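One structure below.
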Amino acid sequence: KNEVEQSPQNLTAQEGEFITINCSYSVGISALHWLQQHPGGGIVSLFMLSSGKKKHGRLIATINIQEKHSSLHITASHPRDSAVYICAVGRMEYGNKLVFGAGTILRVKS
Amino acid sequence: EPEVTQTPSHQVTQMGQEVILRCVPISNHLYFYWYRQILGQKVEFLVSFYNNEISEKSEIFDDQFSVERPDGSNFTLKIRSTKLEDSAMYFCASSGDRGTEQFFGPGTRLTVL
């Protein structure tokens, strides 16, 4: 069983729509990370959170530690948001490694 | 803004050859990581490194792999005898403290023929 599960695998949205990507994990974590990967391959950190909610621009990330679940929301989506969004969990007791989900491929159409 | 850099951006090698992938982490960071992503698959952890020693390594990181911090700035991943299945994008990352945000380099695409 994967330690980190993401849904959906693929998501197509119309410009302006509100988008939600979900992440569930099955192990103890030090923090949960949301990352963005563009077609060129580079990985950018969006959020690191261990409780509650964080907001940056049109992006909002929430985490429920008891339910081992996190969501990434994009408000007023735009074609430039098209990318792969990856959930990863930090395992501090294992050299602080990140364990990655498979990613959600988001395409926003204009 | 400080960033992690990696060289080369793309390396093509013959099976059985040694390759060294180089990374320059953010200058005041203390924790260093290598990850890899085989085309179409998820990112996988290889190794973490702190205080000049390996903190954790995955099953992938066998005797063919080694890491080194040869000076105050570089962090290298060596694959001694490459296999076809080593073809992947290799990402270096660094963090300032244990459990803090990791900053990723742009990756090195390794192609083994």
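The values are calculated or read from the model by the stated rules, or taken from the named source; none is laboratory data. Everything numeric here is computed off the predicted structure, so don't read it as measured data. Neighbour counts are summed over all protein chains in view; Cβ atoms, including those assigned to glycine, are modelled from backbone coordinates with ideal geometry. All accessible areas refer to the heavy atoms of the entire protein, side chains included, with ligands and DNA or RNA removed. Shrake-Rupley method; radii C 1.70, N 1.55, O 1.52, S 1.80 Å.
Quick one: P(r) of chain A from all Cα-Cα pairs, 5 Å bins, percents rounded to integers, in order of increasing distance.
2, 13, 24, 26, 20, 10, 4, 1, 0
From the phi angles alone, apply the Karplus equation (6.51, -1.76, 1.60; θ = phi - 60°) to region A:71-76 and give each ³J(HN,Hα) in whole Hz, x where the residue is Gly or Pro.
The phi angles translate into 10, 10, 10, 10, 8, 6 Hz.
For chain B, with a Gaussian network of springs between Cα atoms less than 10 Å apart, report the residue from B:59, B:68, B:18 with the top mean-square fluctuation.
Greatest mean-square fluctuation among the candidates belongs to B:59.
Based only on Cα atoms, what mean projected area does the convex hull of the protein assembly as shown have, in nm²? Display every interim value, and only then the final one.
Values: hull surface 49.3 nm².
Its average projected convex-hull area is 12.3 nm².
Calculate the all-directions average of the projected area of region B:34-109's alpha-carbon convex hull, and give it in nm².
On the way: hull surface 22.0 nm².
Seen from a random direction, the Cα hull of region B:34-109 projects 5.5 nm² on average.
Put a dot 7 Å past each Cα toward the Cβ at residue B:27 and residue A:64; how far apart are the dots in nm?
4.6
Quick one: go through region A:5-37 and flag any residue whose amide nitrogen is under 16 Å from the point 7 Å out along the Cα-to-Cβ line of residue A:78.
In region A:5-37, the label zone of residue A:78 (backbone N under 16 Å from the point 7 Å along Cα→Cβ) covers A:14-19.
Tell me: how much accessible area in total is hidden between B and A, 1.4 Å probe, Å², nearest 100?
In total, this chain pair buries about 1700 Å².
Determine the residues within region B:1-37 where the difference in accessible area between the chain on its own and the full set of protein chains amounts to at least 20 Å²; count protein heavy atoms only and use a 1.4 Å probe.
Listed in order, they are B:33, B:35, B:37.
For residue A:68, list the aspartates and glutamates whose Cα falls under 20 Å from its own Cα; do not include residues on the same chain fewer than 8 positions away.
The reachable aspartates and glutamates, counting only those whose Cα sits under 20 Å from residue A:68, are A:3, A:5, A:93, B:101.
Share of chain B's accessible area from carbon and sulfur, percent, 1.4 Å? Could the numbers behind the result be given before it?
Details: 2600 of 5740 Å².
C and S atoms contribute 45 percent here.
What list of ³J(HN,Hα) values in whole Hz, one per residue of region A:57-66 in order, does the Karplus curve 6.51 cos²θ - 1.76 cosθ + 1.60 (θ = phi - 60°) give from phi, with Gly and Pro shown as x?
After applying 6.51 cos²θ - 1.76 cosθ + 1.60, I find x, 8, 9, 9, 10, 10, 9, 10, 5, 5 Hz.
List the residues, sorted by chain then number, that are 5 or more residues from residue A:47 or on another chain and whose placed amide H is less than 5 Å from its amide H.
A:34
Protein chains only, probe 1.4 Å: how do A:51, B:95, A:30 rank by accessible area, largest first? Don't skip to the end; give the middle numbers.
Values: A:51 75, B:95 0, A:30 40 Å².
The most accessible residue leads, giving A:51, A:30, B:95.
Show me, for region B:2-8, the HN-Hα J-couplings you get by feeding each phi into the Karplus relation (A = 6.51, B = -1.76, C = 1.60, θ = phi - 60°), rounded to Hz, glycine and proline as x.
Running phi through 6.51 cos²θ - 1.76 cosθ + 1.60 with θ = phi - 60° gives x, 8, 8, 10, 9, 9, x Hz.
Measure off, as a whole percent, the carbon and sulfur share of the 1.4 Å-probe accessible area of chain A, all protein chains present. Kindly include the intermediate steps, with their values, before the conclusion.
Numbers: 2560 of 5170 Å².
Roughly 50 percent of what the probe reaches on chain A is carbon or sulfur.
So if R0 is 35 Å, what FRET efficiency would residue B:76 and residue B:1 give, r being the distance between their Cβ atoms, rounded to the nearest 0.05?
Values: r = 24 Å, r/R0 = 0.68.
The formula returns an efficiency of 0.90 here.
Compute a Gaussian network model of chain A, connecting alpha carbons closer than 10 Å, and tell me which residue from A:14, A:36, A:66 fluctuates the most.
Checking each option, the largest mean-square fluctuation is seen for A:66.
Per residue, how much accessible area does the protein assembly as shown have with a 1.4 Å probe, in Å²?
Averaged over the residues of the protein assembly as shown, the accessible area is 49 Å².
Tell me, rounded to the nearest percent, the portion of alpha carbon pairs in region A:26-71 spaced more than 11 Å apart.
On the way: 712 of 1035 pairs.
Above the 11 Å cut-off, region A:26-71 has 69 percent of its Cα pairs.
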